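What follows is one structure encoded as structure tokens, with my remarks underneath.
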Amino acid sequence: MKRILILAVLLVAFVGCKQEPRTDFVINGIAQDVYNGSRVYLKDVSNLGREVYTDTAIVMDGKFILKGSVNEPKVRFLEIQGIPGEFLFMLENSEIEIEINKQLMLESTATGSKTHNDLVAYQGGIKELQEENRNLINTFMKYRKEQDTARLDSMKVLLEDHGQRFLKFPAKYVKDNNDSYFSLNLIGLEANKKKFDIEDFLDAYDNLTPSLKNTPMGGKVKRKLDSINTEYQKTAHLQVGKIAPSFEAPKPDGTIVSLEELKGKVTIIDFWAAWCGPCRRENPNIVKIYNEYHDKGLEIIGVSLDGNSRQSNPKKAWLDAIEKDKLAWTQVSHLKYFNDPVARLYDVNAIPATYILDKDGKIVAKNLRGRQLESKIQQLFMQ
């Protein structure tokens, strides 16, 4: 009986001494050779993707301290007055030591935050990809100097593949680390970028653990993804890999032309106008491409956005530009400026704009100009 009582007392003591989750953070900063009085800024990112100052401290004798609390581990930025750049780290309720690299803020280090270790692992993956890219470019330059055409073509394929892997790496990291608060933060950071693959990140979010999705931040990230997806769906049919939407439009003589008539051929849909300076400057390049590849099966359909209210005679301006620029391919227009039905169907808000379709009518590239456009057409005819 005595032994049982002793065990019970020990058990109560153990439970009573069990460490409670920490509810505050302390950042001990080491800032050697940073001037006394320099101000340290702790920054957050708002819902609109803007940086917001949340706290400040003063450097004294190469040190500074920041204290506070966070509801969940979250990405923060540290900036120091007079030092270029900023340090990105994961802030959580713990005692964190940050050692400032005055020469390169990005290379500062943080210890004491478990979620920051996940950020460091992610950054390591990015650095590996960057190093791989440098090696590929060096090899590409070597073959170009040697004029080794066959190997150059192979390197172009490798560089393109590497570029895709680089773009997809953040979403892949989230999928591979589905129980990390940093993954949740990473989705939020990437969502502020222009090149954001909403479909990939929706899949990555769905793969997160339920406990992570059920956090306040999990709900916030999901709402942001849903908002982006709503906008994306408006133009989802125009993404690379989709079949280009069909349309009909009148030629200068009133004859109706359909995109369907060009099926089975590599096609460029070129949105332009007589009043558009950049379009007119690009036309010689398109003429060159057309002359080189038309006999091989290339077709171009020019969609003019003439009809600007400042044009006294939009149709004449359109026809004069066709003749002057020697545009020998099919030309169509409703002469309704940006209200042209084809322009609205293809979500064209600025020109020049191009859609490049393969022989199956699938969109393979958008808005290429100059050498990039020529290279893409060359690639399509090499397949």
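Filter region 43-99 down to residues that are loosely packed, with under 13 Cβ neighbours inside 10 Å and under 21 Å from the mean Cα position of the chain (by Cα) and give me whichever is farthest from LEU225 (Cα to Cα).
ARG50
What are the residues in region 152-163 that are open to solvent by 80 Å² or more (accessible area, probe 1.4 Å) and in contact with a helix residue (DSSP H, G or I) (Cβ under 8 Å, 6 or more places away or on another chain), if any?
LYS156, LEU158
Report, by residue number, each residue of region 330-357 that is without any contact (Cβ under 8 Å) to a residue 40 or more places away in the chain and farther than 15 Å from ASN308 by Cα.
ARG344
For region 61-151, please list each of the strands (runs of 3 or more DSSP E) lying entirely inside it that holds at least 3 residues being under 22 Å from GLU51 (Cα atoms), in contact with a helix residue (DSSP H, G or I) (Cβ under 8 Å, 6 or more places away or on another chain) and in contact (Cβ under 8 Å) with a residue 24 or more places away in the chain.
Numbers: elements: 63-68, 74-80, 87-91, 95-99, 109-111.
Result: 74-80, 87-91.
Out of the residues in region 176-196 meeting the condition of being in a helix (DSSP H, G or I) and closer than 23 Å to ALA236 by Cα, tell me which one is least open to solvent (accessible area, probe 1.4 Å).
Within region 176-196, the first condition is being in a helix (DSSP H, G or I), and the residues that meet it are 176, 181-190.
Applying the additional criterion that residues be closer than 23 Å to ALA236 by Cα yields 187-190.
Numbers: ILE187: 1, GLY188: 22, LEU189: 46, GLU190: 18 Å².
Looking at the filtered set, the residue picked out is ILE187.
What is the residue count in region 315-340 for residues that are at positive phi and open to solvent by 70 Å² or more (accessible area, probe 1.4 Å)?
2
When region 214-239 is examined, which residues are found to be open to solvent by 40 Å² or more (accessible area, probe 1.4 Å) and part of a loop (DSSP other than H, G, I, E, B)?
ASN214, GLN239
Name every residue in region 273-285 that is in contact (Cβ under 8 Å) with a residue 12 or more places away in the chain and in a helix (DSSP H, G or I), in order of residue number.
Filtering region 273-285 down to residues in contact (Cβ under 8 Å) with a residue 12 or more places away in the chain leaves 273-276, 278-280, 282-285.
If the condition is that a residue be in contact (Cβ under 8 Å) with a residue 12 or more places away in the chain and in a helix (DSSP H, G or I), then PRO278, CYS279, ARG280, GLU282, ASN283, PRO284, ASN285 are the ones that fit.
Using beta carbons and a limit of 6 Å, which pairs, at least six apart or on different chains, have the first residue in region 164-181 and touching a residue at least 12 places away in the same chain (Cβ under 8 Å) and among the polar types (S, T, N, Q) and the second one surrounded by 13 or more Cβ atoms within 10 Å (Cβ to Cβ) and assigned to a helix (DSSP H, G or I)?
Taking only residues 6 or more apart or on different chains, the pairs are ASN177/SER183; SER180/ASP118.
Could you list, in sequence order, the residues of region 286-314 that are open to solvent by less than 10 Å² (accessible area, probe 1.4 Å) and in a helix (DSSP H, G or I)?
Result: ILE286, ILE289.
Right, ASP270: part of a loop (DSSP other than H, G, I, E, B) and either open to solvent by less than 60 Å² (accessible area, probe 1.4 Å) or of a type in the set (Asp, Glu) (or both) or not?
Details: part of a loop (DSSP other than H, G, I, E, B): no; either open to solvent by less than 60 Å² (accessible area, probe 1.4 Å) or of a type in the set (Asp, Glu) (or both): yes.
Here the answer is no, as ASP270 does not meet what is asked.
Name every residue in region 240-265 that is open to solvent by less than 50 Å² (accessible area, probe 1.4 Å), part of a loop (DSSP other than H, G, I, E, B) and on the phi < 0 side of the Ramachandran plot, in order of residue number.
ALA244, PRO245, PHE247, PRO252
Quick one: in region 1-54, of everything that is assigned to a strand (DSSP E or B) and β-branched (Val, Ile, Thr), which residue is modelled with the lowest pLDDT? Explain how you work it out, then say what you get.
Quick first cut of region 1-54, residues assigned to a strand (DSSP E or B) only: 25-30, 39-45, 51-54.
From what is left, the residues that are β-branched (Val, Ile, Thr) are 26-27, 30, 40, 45, 52, 54.
On the way: VAL26: 97, ILE27: 97, ILE30: 96, VAL40: 97, VAL45: 79, VAL52: 90, THR54: 93.
By that ranking, first place goes to VAL45.
Counting only residues that are in a loop (DSSP other than H, G, I, E, B) and either open to solvent by 20 Å² or more (accessible area, probe 1.4 Å) or small (Gly, Ala, Ser) (or both), how many does region 197-213 have?
To start, the set of residues in region 197-213 that are in a loop (DSSP other than H, G, I, E, B) comprises 197, 207-209.
Imposing the further condition that a residue be either open to solvent by 20 Å² or more (accessible area, probe 1.4 Å) or small (Gly, Ala, Ser) (or both) reduces the set to 197, 207, 209.
The qualifying residues number 3.
Let me confirm something: among GLN147, GLN103, GLN130, which residue is modelled with pLDDT of 90 or more, more than 27 Å from ASP179 (Cβ to Cβ) and polar (S, T, N, Q)? Spell out how you get there, then give the answer.
On the way: GLN147 fails: modelled with pLDDT of 90 or more; GLN130 fails: more than 27 Å from ASP179 (Cβ to Cβ).
Testing whether each residue is modelled with pLDDT of 90 or more, more than 27 Å from ASP179 (Cβ to Cβ) and polar (S, T, N, Q) leaves just GLN103.
Considering region 76-110 alone, what residues qualify as being of a type in the set (D, E, K, R) and farther than 14 Å from ASN28 by Cα? Talk me through it step by step, then tell me what you get.
Quick first cut of region 76-110, residues of a type in the set (D, E, K, R) only: 76, 79, 86, 92, 95, 97, 99, 102, 107.
Matches in region 76-110: ARG76, GLU79, GLU86, LYS102, GLU107.
The values are calculated or read from the model by the stated rules, or taken from the named source; none is laboratory data. Given the structure is predicted, the values throughout are model-derived calculations rather than measurements. Heads up, the Cβs are rebuilt from the backbone with ideal geometry, glycines too, and the neighbour counts pull from every protein chain shown. Surface areas here come from the heavy atoms of the whole protein model, side chains and all, with no ligands, DNA or RNA. Shrake-Rupley method; radii C 1.70, N 1.55, O 1.52, S 1.80 Å.
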